[in-house]
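Undergrad: One structure, as structure tokens, below. Some questions next.
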Amino acid sequence: PFTLRIAGLNLREGVASAELLERIKNAPHDLKIPNDFKEAGRESAASLLSVSLEPLSDLEYELFMTYGILASPTATPQLLAECTNRDLTHVEEALFNLVGRGLAERVSKPESDYVAYRLHDLAHSYARTNRIQRHSTLIRAALALLRAHKHNVTLLELDIANLLSAAELCQEQKREDDLLAIMYLLTVEGSYYTARGHTLKSVGMLKEVAELAQEKGRLEEAHYLYTKLGEYYFNFLGNYPLAFENYEWARNLATTWGNQAREAISLGLMAFARFHQGESDVDDFSNQAYKVAKASNDNESLAQVLGQLAYIAGQKDEMKQSNLFLKESLSVLDRLRNTDDIEVYKKRFFTLINFGETEYRLGRFDAGVVARKQALELAKEQKNEVWMGYAQYELGEMHHNVNQRDVAKQHMLEALKLFQNNNCTKDIEAVLSFLKVGNYGLDDISSPQD
């Protein structure tokens, strides 16, 4: 309201609207009250802020001014703690006090355990003009935050504008190693872009760092970065030619790097892309992928390639071939049972689910049920309720298809309970839709809200 009053007084004194907009474009906090209306300490938003900042504690003042190095007026306590090298608990307390003084507001997303704190745009403009820290502080803090929280998509989403800003600063300052580290943590080691997809800005930066890693001879990093580019074009845009092109770059780098396991996986992904393009050379890439995977003596990559080939065969309605690939994949995964790697168990779970489908499609209903019950037991061993829900859903669908309705409903209700326990909205809707379309009756079934 105070700044609106300043703008109104300037207009009243004859300042043209175009001139007013020009004055406030770069430093809106610095627009001054016309001489006849000035009061000491209230000549502008900047002077009012200066007076408001005086009573703050050292930490409160430091945190307010730390927003000056941030591109966004919103930041998490975790990022601000890294920027200031302060204890997170003390930072949160100081931010709470800033809210109490009307200098910041607390923001969060529905059903999220994480919060951020936002300055008013005018206050942020003031902090940026009077910043007390170097841009290198933001780069260091961004790297520290990513290393500590690379899989925490919910937290990173609140700070993504500031993290990308840190990457842009690395570009401007030619800090190539830091640029590579930030983007690698966001796209390869971390989960953010796998979960949320890219913007035009971030995918452009991903291309740049892939090329940069290749130029610097960091072939392993370049391989994974090109793979992530391929995944983006494949999964988010459905641009299969561009996906193939990036998978091919990744394959060539793996060959030069001398890693047959990664070469095989890249070939399998190339087969994926060619299949979705409707090209005739799919089998050529599939055969190459299988041959290289076998030669690699790497059971995990062989299992992954077999899963890729089984998917392609299944999509081509070659159920017998898909079934054979999945059976071999299960045999390979059996060699990896003594491991703590969750990815191995994840591959085995979904391979069992898909194997059960092929058994059923080949007319072996009982064998299909056995496979999916094995998947359910594996999910229970891993205490993964979402996987348990998937297995229950698939079992319910199979029994429904052979008109075993009581058993089907029992499995579906178990799936519904598990999905509700884990807030799996999309899966809850799928179960309820199945029950409704199947005419199972919903009177005794709790809604997602219940």
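Undergrad: Determine which member of the set T74, T66 is closer than 28 Å to V188 by Cα and buried (at least 17 other Cβ atoms within 10 Å of the Cβ).
TA: T74
Undergrad: Next question. Kindly indicate the residue of region 106-122 that is more than 20 Å from K150 (Cα to Cα) and either of a type in the set (V, I, T) or exposed (fewer than 14 other Cβ atoms within 10 Å of the Cβ) (or both) and also modelled with the lowest pLDDT among those meeting that condition.
TA: E111
Undergrad: Filter region 413-427 for residues that are assigned to a helix (DSSP H, G or I), open to solvent by 70 Å² or more (accessible area, probe 1.4 Å) and not charged (D, E, K, R); which is modelled with the lowest pLDDT?
TA: T425
Undergrad: Give me a count of the residues in region 36-68 that are of a type in the set (A, V, I, L, M, F, W, C), assigned to a loop (DSSP other than H, G, I, E, B) and at pLDDT 65 or above.
TA: 1
Undergrad: Tell me, yes or no, whether region 204-224 has at least one residue that is touching a helix residue (DSSP H, G or I) at 6+ places or on another chain (Cβ under 9 Å), at pLDDT below 95, open to solvent by 50 Å² or more (accessible area, probe 1.4 Å) and of a type in the set (A, V, I, L, M).
TA: No, that holds for no residue.
Undergrad: May I ask you to verify whether T194 is closer than 30 Å to L155 by Cα, at pLDDT 95 or above, among the hydroxyl-bearing types (S, T, Y) and assigned to a helix (DSSP H, G or I)?
TA: No: the conditions fail for T194.
Undergrad: Among E220, E231, E245, which is the only one that is assigned to a helix (DSSP H, G or I) and over 24 Å from V282 (Cβ atoms)?
TA: Just one listed residue meets the conditions, E220.
Undergrad: Then there is this: Using the structure shown, decide if Y193 is touching a Leu at 6+ places or on another chain (Cβ under 7 Å) and not basic (K, R).
TA: Judged against the criteria, Y193 is a match.
Undergrad: Name the single residue that is farthest from A141 (Cα to Cα) among those in region 87-101 being out of contact with any strand residue (DSSP E or B) (no Cβ under 9 Å at 6 or more places or on another chain) and free of Cβ contacts under 8 Å to residues at least 12 places away in the same chain.
TA: Ranking the qualifying residues of region 87-101, first place goes to G100.
This table checks each residue for (1) free of Cβ contacts under 8 Å to residues at least 60 places away in the same chain; (2) aliphatic (A, V, I, L, M); (3) in a helix (DSSP H, G or I).
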{"residue": "L103", "(1), (2), (3)": "yes, yes, no"}
{"residue": "V107", "(1), (2), (3)": "yes, yes, no"}
{"residue": "S112", "(1), (2), (3)": "yes, no, no"}
{"residue": "A123", "(1), (2), (3)": "no, yes, yes"}
{"residue": "I132", "(1), (2), (3)": "no, yes, no"}
{"residue": "A141", "(1), (2), (3)": "no, yes, yes"}
{"residue": "A144", "(1), (2), (3)": "no, yes, yes"}
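Undergrad: Go through region 329-354 and count every residue that is more than 13 Å from A303 (Cα to Cα), part of a helix (DSSP H, G or I) and open to solvent by 30 Å² or more (accessible area, probe 1.4 Å).
TA: 2
Undergrad: A further question follows. Name the single residue, out of those in region 123-159 being open to solvent by less than 30 Å² (accessible area, probe 1.4 Å), modelled with pLDDT under 90 and among the aliphatic types (A, V, I, L, M), that is farthest from Q420 (Cα to Cα).
TA: The selected residue is A127.
Undergrad: With L269, L242, L229 as the choices, which residue is within 16 Å of Y184 (Cβ to Cβ) and of a type in the set (A, V, I, L, M)?
TA: L229
The values are calculated or read from the model by the stated rules, or taken from the named source; none is laboratory data. Because the structure is a prediction, the values reported are computed rather than measured. Here the Cβ is made from the backbone with ideal geometry for all residues, glycine too, and neighbour counts use every protein chain on show. Heavy atoms of the whole protein, side chains included, go into the accessibility calculation; ligands, DNA and RNA do not. Shrake-Rupley method; radii C 1.70, N 1.55, O 1.52, S 1.80 Å.
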